[in-house]
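The values are calculated or read from the model by the stated rules, or taken from the named source; none is laboratory data. What you see is a predicted model, and the numbers here were worked out from it, not measured in a lab. Quick reminder, even Gly has a Cβ in these numbers, built from the backbone with ideal geometry, and neighbours come from all protein chains shown. Just the protein is used for accessible areas: all its heavy atoms, side chains included, with ligands, DNA and RNA removed. Shrake-Rupley method; radii C 1.70, N 1.55, O 1.52, S 1.80 Å.
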Amino acid sequence: MDFLSEKLASSSLTADDGNMKVQVVTTDADVDAARLVLEGHKLLALDSEGINLGRNGKICLVQLSTPTDCFLFDTHGKDATSAMSIFLKEILEDGAISKVIHDFRLD
């Protein structure tokens, strides 16, 4: 079990609260499943967390949400050539998809 899955399992966060499905994305198969849900959406909520963010920092978690699904991408330890990094780059650079971000200063 990876770090993020362990933390979620030990927290009070449930995988489905009746309105929002929360899914942890850690593998290529998880990325493929997230792609199927996210493709076609033109509006996504976005959040990220990281360490020493800035020019030399590292993003460890990227959250993308639709009205019904929330995907937590565990990017810690992934390089730029991983399926997850490539997928997130495509989504984040896609000008046809609007991203809603609230107070992104420290993320």
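Some notes on this structure:
- Those residues of the stretch 78-94 which are of a type in the set (Gly, Ala, Ser) and either touching a Leu at 6+ places or on another chain (Cβ under 8 Å) or open to solvent by 80 Å² or more (accessible area, probe 1.4 Å) (or both), in sequence order: 80
- For the criterion of being part of a strand (DSSP E or B) and in contact with a Ser or Thr (Cβ under 7 Å, 6 or more places away or on another chain), residue 22 fails.
- Screening the candidates 53, 38, 43 for the property of being open to solvent by 60 Å² or more (accessible area, probe 1.4 Å), modelled with pLDDT of 90 or more and not charged (D, E, K, R) yields one hit, 43.
- Residue within the stretch 6-29 that is touching a Lys or Arg at 6+ places or on another chain (Cβ under 8 Å) and either open to solvent by less than 80 Å² (accessible area, probe 1.4 Å) or at pLDDT below 95 (or both) present: yes
- Some residue of the stretch 58-75 being surrounded by fewer than 10 Cβ atoms within 10 Å (Cβ to Cβ), closer than 15 Å to residue 38 by Cα and either at pLDDT 95 or above or of a type in the set (Val, Ile, Thr) (or both): yes
- Scan of the stretch 56-91 for residues that are without any contact (Cβ under 8 Å) to a residue 12 or more places away in the chain and in contact with a strand residue (DSSP E or B) (Cβ under 8 Å, 6 or more places away or on another chain), ordered by number: 57
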